[in-house]
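Asker: The structure under discussion is supplied below as structure tokens; questions concerning it will follow.
The values are calculated or read from the model by the stated rules, or taken from the named source; none is laboratory data. Here the structure is a predicted model, which means the values were calculated and not measured. FYI the Cβ positions are ideal-geometry reconstructions off the backbone, even for glycines, and counts take in every protein chain you see. SASA here: full protein model, heavy atoms, side chains in, ligands and nucleic acids out. Shrake-Rupley method; radii C 1.70, N 1.55, O 1.52, S 1.80 Å.
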Amino acid sequence: MALDTLERSAPPIFRQGLSVTSKMLLLGLLAVLLMAADHRMQISQPIRSGMALVLSPLQWLSLQPVNAVRALSHYFQSLEEAQDAALIFQTRTIAQAQRLQQVEQLSQENVHLRQLLDLRAQVSGSAKAVQVLYDTSDPYTRRVVVDRGLMAGIAPGSAVIDTAGVVGQVTRVYPLVSEVTLLTDRAQSIPVMNARTGNRYVAQGDPITLGGSLDLKFVPSGADMQKGDLLTTSGIDEVYPAGLHVGRIARIDRRVDSSFARVHAEPMVTERGRHLLVLLPFKDWPQPPVPEVGKKVKANGAAPVMPNAGIQP
């Protein structure tokens with residue numbers, strides 16, 4: 001017998017059971033019946049609940065990578081928003097602090113300008129308000145540059161004062177700016193008077209002693225002078241009006257081997273503001289008396305000789 005005859009299927013006459021089409025129709029009808037029964041009587045609800053309970057850990061575990069990615073994205077987004085908000089807040093804080101500082105500075109300048117206006121009303125003669133631009137670059141001098149010059153009517157030798165007292169003197173004038181030499185400069189001298197005793201002295205700038213002071217020249221060792229005495233301008237130099245505050249006596253060194261004492265005074269204007277007052281030169285000083293031409297007295301005591309005596313017109 002050949003091998004191929006054993007592997008052949010049974011002939012169709014021996015086949016039994018339903019056909020494939022009948023099975024499909026029967027199973028489809030059964031499925032429809034089961035769905036209708038489940039919809040009406042909820043017979044599969046316990047099975048679904050059990051399966052959901054069994055599959056819940058798997059669902060939770062499968063959702064963790066998605067939740068982690070969402071949480072990480074939300075964290076970085078929140079961090080970026082927080083950084084932006086902190087940067088905006090810091091910028092606003094700095095701007096508000098800057099405005100507050102400017103308001104405080106403007107308030108101080110306003111008070112200073114009001115005091116200068118009151119001082120301007122008290123000072124006789126013309127005066128001009130100026131603003132300090134910068135200090136000179138020379139480290140061996142004590143000078144500042146103000147914002148007004150020859151075109152504004154500033155003249156060399158004009159006195160410069162502040163609300164506290166004398167600041168210095170205008171030494172150089174340019175068309176638009178001027179240089180003011182402070183009292184503590186070595187080349188600056190000012191006649192002063194002791195307000196308590198009335199004695200007059202000459203004060204010269206000393207930029208080293210006491211961090212910047214005034215050195216009183218030719219003060220006798222026995223002069224009536226005490227620490228804390230107020231020094232004012234005497235007015236005899238025709239530059240500074242009399243009565244302006246200059247400084248206070250800070251150190252008195254009386255030496256036995258010298259007939260003069262070393263006296264140093266601290267200037268009243270220790271902290272200079274941005275605005276100063278320039279006192280223009282006073283032109284109404286009384287002129288020195290001129291001897292009359294017709295009253296010439298002879299040395300021997302004779303009567304005065306009148307000019308053109310005995311000459312008829």
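Asker: I'd like the distance separating the alpha-carbon centroids of the range 134-165 and the range 41-56, in whole Å.
Answerer: Cα centroid of the range 134-165 versus Cα centroid of the range 41-56: 98 Å apart.
Asker: If you stretched the chain out fully between T136 and R99, how much longer would it get, using 0.36 nm times the residue separation minus the C-alpha to C-alpha distance? Please list the in-between numbers first.
Answerer: Numbers: separation 37, 0.36 × 37 = 13.32 nm, distance 2.94 nm.
So the chain would gain 10.4 nm between T136 and R99.
Asker: Another question, if that's okay. Can you tell me the accessible area per residue over the range 178-271, all protein chains present, probe 1.4 angstrom, in square angstrom?
Answerer: Working: 4570 Å² over 94 residues.
For the range 178-271, the per-residue accessible area is 49 Å².
Asker: With the cut-off at 1.5 for a/c, could you classify the range 196-239 from its C-alpha gyration tensor as rounded, prolate or oblate?
Answerer: Details: a/c = 1.71, a/b = 1.13, b/c = 1.51.
Note, shape of the range 196-239 comes out oblate.
Asker: A further question follows. Per residue, what accessible area does the range 40-100 have, given a 1.4 Å probe and all protein chains present, in Å²?
Answerer: Values: 5690 Å² over 61 residues.
So the range 40-100 comes to 93 Å² accessible per residue, rounded to a whole number.
Asker: Using the Cα atoms of the range 129-231, I'd like the radius of gyration and the largest Cα-Cα distance, Dmax, both in angstrom.
Answerer: For the range 129-231, the Cα-based Rg and Dmax read 15.3, 49 Å.
Asker: By how many nm would the segment from A37 to F260 lengthen if fully extended, with 0.36 nm per residue of separation less the alpha-carbon distance?
Answerer: Details: separation 223, 0.36 × 223 = 80.28 nm, distance 13.03 nm.
Going from the current span to full extension adds 67.3 nm.
Asker: If you don't mind, another one. Using a Förster radius of 30 Å, what is the FRET efficiency between M24 and Q45 based on their Cβ-Cβ separation? Nearest 0.05, please. It would help to have the intermediate numbers written out before the result.
Answerer: Numbers: r = 28 Å, r/R0 = 0.94.
The formula returns an efficiency of 0.60 here.
Asker: Same structure, new question: For a quick protection proxy, order the peptides 224-237, 161-174, 62-75 by their average other-Cβ count within 10 Å, most packed first. Walk me through the numbers before you get to the answer.
Answerer: Values: 224-237: 16.4, 161-174: 20.6, 62-75: 9.9.
Put in order of decreasing packing, that is 161-174, 224-237, 62-75.
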